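Asks: Below you'll find the structure I mean.
The values are calculated or read from the model by the stated rules, or taken from the named source; none is laboratory data. Nothing here was measured: the structure is a model prediction, and the numbers come from that model. Here the Cβ positions follow ideal geometry from the backbone for every residue, glycine too, while neighbour counts run over all protein chains shown. These area figures cover heavy atoms from the full protein model, side chains too; ligands, DNA and RNA do not enter into them. Shrake-Rupley method; radii C 1.70, N 1.55, O 1.52, S 1.80 Å.
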Amino acid sequence: MFCREEIEKILEQARRMDPQFEINGVDSHQYRLNPPVDPAFVRAAEEEYHFRFPEDYVQFITEVGDGGAGPGYGLYAFGFYQTEPKSSRDAKIRDSYLRGLSREPRLLPLEPDDLKYSCISEDEYKQNPEKYFVTGNFNWDNDTPYGFFHLGTYGCASDYGLITAGERRGQVFRYDVECGFELEACSFQVFYQEWLDAVSDTERFQKEVDEWRRIRNR
């Protein structure tokens, strides 16, 4: 289980080492967590839309922080779904998306011939072909795969998220606009801990900050 106090110490160190938020995406969350979301709202949403988040993710958003500091541009807040949709169209898209979380995604092994239609490079694929998939069912009402909850984005049309139904429920995948899936972690706990470990490795983290500073100052 995650502890907000322990994570805050890591994030405070990161802010000291990267005060100008040089690393790409960091300026959107600035190494800060949002307040937790009400557990009652999470359970009510699960009940209404007939899906179930893995418990490690629920523990994080209800006890640690509902979005904020995280990989890429940071974690999205599930509390967003408490806000009023801007239009009836937005309400319909949101409803379709949440209802789609109860449906198992059909993930098919990515074949070499599929690479020309994917954002995945041939070199990446050859190293670990078993990590890559394409989706066989898609929710055309909102242009998202079924059973995939978007946790956040890396930018460049590449998101990451949780599988919320079926045998892969709880696993974290990277997803690109060409419907390619890459397995990133067996659980949210592992996924977020790996990011924390990278941030708390001061030598590695300083190199990343310095590299992004050089890129920005070219």
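Asks: In segment 64-91, how many are of a type in the set (S, T, N, Q) and at positive phi?
Replies: Start the filter on segment 64-91 by keeping residues that are of a type in the set (S, T, N, Q), which leaves 82-83, 87-88.
Checking which are at positive phi leaves us with none.
Matching residues across segment 64-91 total 0.
Asks: Something else: Determine whether residue 106 is among the charged types (D, E, K, R), in contact with a helix residue (DSSP H, G or I) (Cβ under 9 Å, 6 or more places away or on another chain), farther than 16 Å from residue 199 by Cβ and open to solvent by 30 Å² or more (accessible area, probe 1.4 Å). Please lay out each step first, then the result.
Replies: Working: among the charged types (D, E, K, R): yes; in contact with a helix residue (DSSP H, G or I) (Cβ under 9 Å, 6 or more places away or on another chain): no; farther than 16 Å from residue 199 by Cβ: yes; open to solvent by 30 Å² or more (accessible area, probe 1.4 Å): yes.
So residue 106 does not fit the description; no.
Asks: Still on this structure, I have one more. In the list 199, 190, 172, which residue meets the criterion of being of a type in the set (Val, Ile, Thr), modelled with pLDDT of 95 or more and within 22 Å of residue 50 (Cα to Cα)?
Replies: On the way: 199 fails: within 22 Å of residue 50 (Cα to Cα); 190 fails: within 22 Å of residue 50 (Cα to Cα).
Answer to the check: 172.
Asks: If you go through segment 55-100, how many residues are more than 30 Å from residue 200 (Cβ to Cβ) and either among the hydrophobic types (A, V, I, L, M, F, W, C) or in a helix (DSSP H, G or I) (or both)?
Replies: Residues flagged as more than 30 Å from residue 200 (Cβ to Cβ) and either among the hydrophobic types (A, V, I, L, M, F, W, C) or in a helix (DSSP H, G or I) (or both) within segment 55-100 amount to 15.
Asks: Under the condition of being open to solvent by less than 70 Å² (accessible area, probe 1.4 Å) and touching a residue at least 60 places away in the same chain (Cβ under 8 Å), which residue from segment 33-66 is farthest from residue 14 (Cα to Cα)?
Replies: 51
Asks: Hey, another quick one. Return a yes/no flag: does segment 123-136 have any residue that is closer than 21 Å to residue 26 by Cα and either in contact with a Gly (Cβ under 7 Å, 6 or more places away or on another chain) or not β-branched (Val, Ile, Thr) (or both).
Replies: Keep residues of segment 123-136 that are closer than 21 Å to residue 26 by Cα, which gives none.
No, every residue in segment 123-136 fails to be closer than 21 Å to residue 26 by Cα and either in contact with a Gly (Cβ under 7 Å, 6 or more places away or on another chain) or not β-branched (Val, Ile, Thr) (or both).
Asks: Tally up the residues in segment 1-32 that are part of a helix (DSSP H, G or I), of a type in the set (D, E, K, R) and open to solvent by less than 60 Å² (accessible area, probe 1.4 Å), please.
Replies: Within segment 1-32, the first condition is being part of a helix (DSSP H, G or I), and the residues that meet it are 4-17, 26-28.
From what's left, of a type in the set (D, E, K, R): 4-6, 8-9, 12, 15-16, 27.
Checking which are open to solvent by less than 60 Å² (accessible area, probe 1.4 Å) leaves us with 8, 15.
Final tally of qualifying residues: 2.
Asks: Scanning for something β-branched (Val, Ile, Thr) and over 20 Å from residue 8 (Cα atoms), does segment 195-217 turn up at least one residue? Let's see the steps before the verdict.
Replies: Initially, segment 195-217 is screened for residues β-branched (Val, Ile, Thr), giving 199, 202, 209, 215.
Filter once more, keeping what is over 20 Å from residue 8 (Cα atoms): 215.
Yes: segment 195-217 contains one or more residues that are β-branched (Val, Ile, Thr) and over 20 Å from residue 8 (Cα atoms).
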